[in-house]
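The values are calculated or read from the model by the stated rules, or taken from the named source; none is laboratory data. Note that the structure is predicted; figures quoted are calculated from it, not measured. All Cβ positions, even for glycine, are placed from backbone atoms using ideal geometry, and neighbour counts span all protein chains on display.
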Amino acid sequence: MSPVFRAACERLTMLYFELLIQGLIYGSMYAIIAVGLTLVYGLLRILHVAHAGLFALGGYMGLLITNSTGSLILGMPLAAAIVGVVGMAIYRLCYQPILDQPPYVALIASIGLFIAMEEMFRLIFGPFGLTYTNAPLQSVVQFAGIYLRAVDLAIVVGSLSLLGALSWLSQKTRIGLAWRATVDDPQIAESFGISVLNVRYLNFFIGSALAAVAGVFISLLSNLVEPTMGGVPSYKALAIIVLGGLGNVAGTLIASLVLGVVEAFGTIYIGDILDRDAIAFAFLIIVLMIRPEGLFARR
Amino acid sequence: MGIYELSLATVVGINIILAVGLNLITGFCGQISLGHAAFYGIGAYTAALMAKAGMPGPVNLAAAMAMAGAVGVVVGMTSLRVREDFLAITTMGVGFLFLGIVRQQESLLGGELGISSIPTFGVGKMGFFVLVLVLAALSVAFSLYIKRSWMGFAFEAVADDEDTARVISVDVPAYKLAAFALGTALAGLAGGLYCYFARFIVPDDFGFITSISVLSMVAVGGIGSVYGVIVGTALLTLIPEFFRFISDYKLLVYGALLFGVMRFAPDGLAGLTRLAFRRIQRKGGAV
């Protein structure tokens, strides 16, 4: 093998590796947005578009608290808690009264809510977005031969450990048992003394808190929160939960990572024909035509 | 009628054609579509390109319909594979795919900058309004005719319970495709008219927000009800204009209204009207 050829090969391997890492960073961020969405879908059969509004709210809260206290350690959990409670309120005030309507009713109501939320962010916080006064986690670290920012690593590690904790909660605790029972069959769960209402509240709290964490992560990644930041992630998260088989948490996680990687490679190789969002949806349509129940059908 | 009122009325007419088309797919046949704006866009781009090539207006409108309808049949085929929420997300994906393709085609479709200086239809503003009005009336009449025809019954059966419809030997795939073909062809017609009305089109005119607005018009009016959809379309098209004095809060009001109607009157205006009539009748009976 000639040295020139070998050097070219190494460069290409390096590029692939970098793309893969980029894909995994985005993928794990998609995962924590999409998991909340898929939890809501699994329990209530609602496509919860306003989830993206909670994601943006999380970004704003995290940034405002971090800027005023100077501590991200305080900002991120507080943002998650506040947004979690808002999520519970949204369930109680918006979804509970229309649960027995056909599915498009909740879908359109949710879209209306999302538009109204975006507008409120614009009116309250201004149209141009906010930045961190002293952005945390921006130091550069070298990892396996490529340069990453601390925030990149924090996103991957943070997302995976949160999802690990979630899986522990659902598999190993009594709360998790009640949760899974309610997803399976709410009526029978209720007759065994499980409070379906409390399970739903918990579901919305956890899902919304995860969305808030994702919002803080993305604000750190770009050092910006803006009113429209929820838009694209929300549509993509919808695509992901469909790919993952609607309501299937493990499937959602894998679909998020796969989509992140497909996008990273797609923007390099077919970026001239399709933009990033279109690549994601082209992938979605192709997969659905082959497997109409998503990559991983629900149970 | 001043120029402003005239153009507003023209937009209402175009939106009625668009919404009546979606009502055929979603209201009559029960196939939810979150990508209706893509077909609106296909119609607009087809007509715009042909108009710029010097073709006559009526031919371009027909071509816009044919093109959108043809793509609609292809997209409709997905509805044979996936159902309900899966279909909603697939059609949403079609919308983003359309935008993604148009945005990257700079030489042919103008990319982000769109297509400008499209020639006029050549009948003047008033004449064009009359044309839109006639076509909107025809679309409504066609839609009412379909609803009462055998096809309308079959659509209703598919919307109600697809599997049972199949059991009583309704050809479900054929009717689904028919609904998509007709509905998207109407969207194409609306798109063709829009390109002559605006004479300047950009990809964002046909984005997800537009799909959602059309779905909102249908849902606020009352899904499946032709008259409801007309009223809903007129209301949602004109409301942002009424609220111009609070222009900064326009979208907030729009979102809140959408949410409010679904939360408190999920059957839309048509449902409210039916409810009111029933109350009046009951009172009349008691006296």
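Data for the structure
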| item | result |
| --- | --- |
| Sole residue being modelled with pLDDT of 90 or more, part of a helix (DSSP H, G or I) and either within 14 Å of chain B (Cβ to nearest Cβ) or more than 18 Å from the chain's Cα centre (by Cα) (or both), chosen from A:R11, A:R92 | A:R92 |
| Residue list for the range A:122-147, filter: in a loop (DSSP other than H, G, I, E, B), surrounded by fewer than 10 Cβ atoms within 10 Å (Cβ to Cβ) and in contact with a strand residue (DSSP E or B) (Cβ under 9 Å, 6 or more places away or on another chain) | A:S139 |
| Spans of helices (runs of 4 or more DSSP H) in the range B:124-196 with at least 3 residues of a type in the set (K, R) | B:124-148 |
| Hits in the range B:76-107 - residues which are within 14 Å of B:F39 (Cα to Cα), buried (at least 21 other Cβ atoms within 10 Å of the Cβ) and not small (G, A, S) | B:T91, B:M92, B:V94, B:F96, B:L97, B:F98, B:L99, B:V102 |
| Identity of the residue in the range A:263-282, buried (at least 19 other Cβ atoms within 10 Å of the Cβ) and not acidic (D, E), that ends up farthest from A:I240 (Cα to Cα) | A:L274 |
| Answer residue from the range A:224-276, given it is under 21 Å from A:L54 (Cα atoms) and charged (D, E, K, R) and is farthest from the other protein chains (Cβ to nearest Cβ) among those | A:E226 |
| Residue match in the range B:55-63 (condition: buried (at least 21 other Cβ atoms within 10 Å of the Cβ), at the interface with chain A (Cβ under 10 Å from one of its Cβ atoms) and either β-branched (V, I, T) or in a helix (DSSP H, G or I) (or both)) | no |
| Residue within the range A:105-119 that is within 14 Å of another protein chain (Cβ to nearest Cβ) and out of contact with any helix residue (DSSP H, G or I) (no Cβ under 6 Å at 6 or more places or on another chain) present | yes |
| Some residue of the range B:11-30 being surrounded by fewer than 22 Cβ atoms within 10 Å (Cβ to Cβ), in contact (Cβ under 8 Å) with a residue 24 or more places away in the chain and not polar (S, T, N, Q) | yes |
| Test for A:V151: is it β-branched (V, I, T), outside any loop (DSSP other than H, G, I, E, B) and in contact (Cβ under 8 Å) with a residue 12 or more places away in the chain | yes |
| Residue match in the range B:108-117 (condition: surrounded by fewer than 19 Cβ atoms within 10 Å (Cβ to Cβ) and more than 26 Å from B:A53 (Cβ to Cβ)) | no |
| Given (1) free of Cβ contacts under 8 Å to residues at least 12 places away in the same chain; (2) closer than 30 Å to A:F121 by Cβ; (3) of a type in the set (A, V, I, L, M, F, W, C), index of the condition A:C9 fails | (2) |
